[in-house]
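I have placed the structure first, in the form of structure tokens, so that the comments after it can refer back to it.
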Amino acid sequence: MTISDEVSNKNFGYGVRHIQIACMCLTIVALFIARASMGVAVLAMTDGSRDDIETYKWDKKTQGIILSSFFWGYTVMQIPAGILSKRYGGKSILLISLLTNTVICGLLPTLVKIWGWPIVCVCRVIMGLTQACLFPATHTLLGRWLPKQERTSYSGIVYGGTQIGIIIAMPISGLLADTKYGWKSIFYTVSATMLVTAGVWSFFAANMPREHRMMTEQEKHYIERGLNTVEAKALRTPWRHIFQTRALWAIMVTHIGSSVSFVLFFVDLPTYIERGLKISLKNSAVLSALPYLGMWIGNISSTYICEKIYNRNYWSLLTCRKVFNSISFFGLSIGLIVLAFLGPENKSLAIITLVMSLFLSGFSAAGFLMSFLDLSPNYAGVTLSLSNAAANFGSILTPIGTSLVLKNDPTDTSRWLIVFLSTALLCVIANCVFLMFASSTQVEWDDPNFIEKTVADKEEVIPALKTVKEDAER
């Protein structure tokens, strides 16, 4: 019996690919801890109620600039990050990101004491530059590690690290801010977490199955049999055809709506709960994590259910994507509308609404987020980086726009109403575009030999046209 026959008869359960998945999830968790901790840290750094810890008098506008500065670097580096991930694989790119964030978080408490809030922005820009690779590199790795029949559910687990990181970061940051070391302990703890994760990633992760030190021949053939990918260096990127793909533009618009709504909660949720709902900093940090627990549950459950529905041929892949994306975007929009009319007198109802809104938002993990892999497994990292670059212009503007609407008074719930209703409208528009133009059909330019075939076809057609022309002239 050949290896292929043995593999085809064997139902692979747990294997080395699950170690890879766990490492990818852990890396996302760690990097999102670094991102999410800043939302609580900036509140602690401006909390003037403590005399034993150095604090700063930064107004809401300055805080908005600090919180948005991460996305300046994040947006600029998106497309280069996608190209680098395709060229060199995800392992080394993500390792550099982890180590860079380790150093920055460890040094930031000292640097801010010397240079103030501008150096915090500089540090956050550098963190954004290095974390820009996270999703393109992860998508590239998913395209090389997961057969089609496993892709949706395991991708949900990997990207569930986004919510897990936030769930850990917000309450832990609140607790650390309340210790005698104050907000500084947040950055030191994050730095140590990054360093440990970098060690795990370096030892247990690999760019592709054939490079993993623990990989067996049987599992390698099982994985590769379900893929349509080739060596990264063998691929030439068909940029013109990528930009001419209508479905990709639809996904990009959807991505913008998702990014704006995510960043609104990601950056301003601690402020809304503490200042808008008038809940203490320590309690607000804990409560800020609850909606992300709901989002994580929505993420994992939706990807699992979606994969079961598709594998049993109940719905087509495109129907699955549209239904789950609609549940996510329309559900979140309804939650935002409800939230817009709640105030500090409705604390419990507001928290429940937040949890349910982000639970439904998590269903996008089985929606547009998987469409990059549906369209093109080989170029999933590149297409995601293009989309992420566009989406993160919204990420940059969201904290700044929110601070302008709030006008340095986050206690005014009438201003939060404007923020929430505007975001709800954007989500509805984004999903309508996805419903009209999205596709799950693998594009022809995903073929590794597509460019060569196109050139060859032209070379064959041109002589034929010349012959026809000459015959006509005779």
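The values are calculated or read from the model by the stated rules, or taken from the named source; none is laboratory data. Everything numeric in this text was worked out from a predicted model, so none of it was measured. Backbone-built Cβ (ideal geometry, glycine too); neighbour counts: all protein chains shown. Remember, those area values only see protein heavy atoms, side chains included, never the ligands or the DNA or RNA. Shrake-Rupley method; radii C 1.70, N 1.55, O 1.52, S 1.80 Å.
With a simple spin-label model that places each label point 7 Å from the Cα along the Cα-to-Cβ direction, the separation between N408 and V103 comes to 3.7 nm. Taking 18 Å as the cut-off, the amide N atoms of the stretch 52-78 that come nearer than this to a point 7 Å along the Cα-to-beta-carbon line of W115 belong to 63, 65-74.
Over the stretch 1-155, what portion of Cα pair distances is larger than 25 Å, expressed as a whole percent? For the stretch 1-155, the fraction of Cα-Cα distances above 25 Å is 44 percent. Take every pair of alpha-carbon atoms less than 8 Å apart whose residues are at least six positions apart; their mean separation over the length of the chain yields a relative contact order of 25 percent. Counting only protein heavy atoms and a 1.4 Å probe, the stretch 10-83 has 36 square angstrom of accessible area per residue. Ordered from largest to smallest accessible area (heavy atoms of protein chains, 1.4 Å probe), the residues V286, V196, V125 come out as V196, V286, V125.
With only the Cα atoms considered, the stretch 94-174 has a convex hull volume of 96 Å³ per residue.
Surface composition of the stretch 175-275: carbon and sulfur make up 57 percent of the accessible area, probe 1.4 Å.
As an exercise, use a Förster radius of 41 Å and the Cβ-Cβ distance of R236 and S202 to find the FRET efficiency, rounded to the nearest 0.05. Given R0 = 41 Å and the Cβ-Cβ separation, E is 0.85.
When you count the other C-beta atoms within 10 angstrom of each residue and take the mean per peptide, 302-314, 49-61 line up highest first as 302-314, 49-61. Treating each Cα of the stretch 253-293 as one equal point scatterer and applying the Debye formula with no solvent, the log10 of I(q)/I(0) at q = 0.13, 0.14 Å⁻¹ comes out as -0.30, -0.34.
Computed with a 1.4 Å probe over protein heavy atoms only, the accessible surface of the stretch 128-223 comes to 34 Å² per residue. As a fraction of the 1.4 Å probe accessible area of the stretch 23-163, surface on carbon and sulfur atoms comes out at 68 percent. Calculated accessible area for the stretch 232-374 comes out at 39 Å² per residue, all protein chains present (probe 1.4 Å; ligands, DNA, RNA ignored).
Applying 1/(1 + (r/R0)^6) with R0 = 25 Å to the Cβ-Cβ distance of K57 and S348 gives a FRET efficiency near 0.15.
Each principal axis of the Cα atoms in the chain has its own extent, and those three values, largest first, are 91, 49, 45 angstrom. Shown is the FRET efficiency for T216 and Y188, computed with R0 = 60 Å from the Cβ-Cβ distance and rounded to the nearest 0.05: 0.90.
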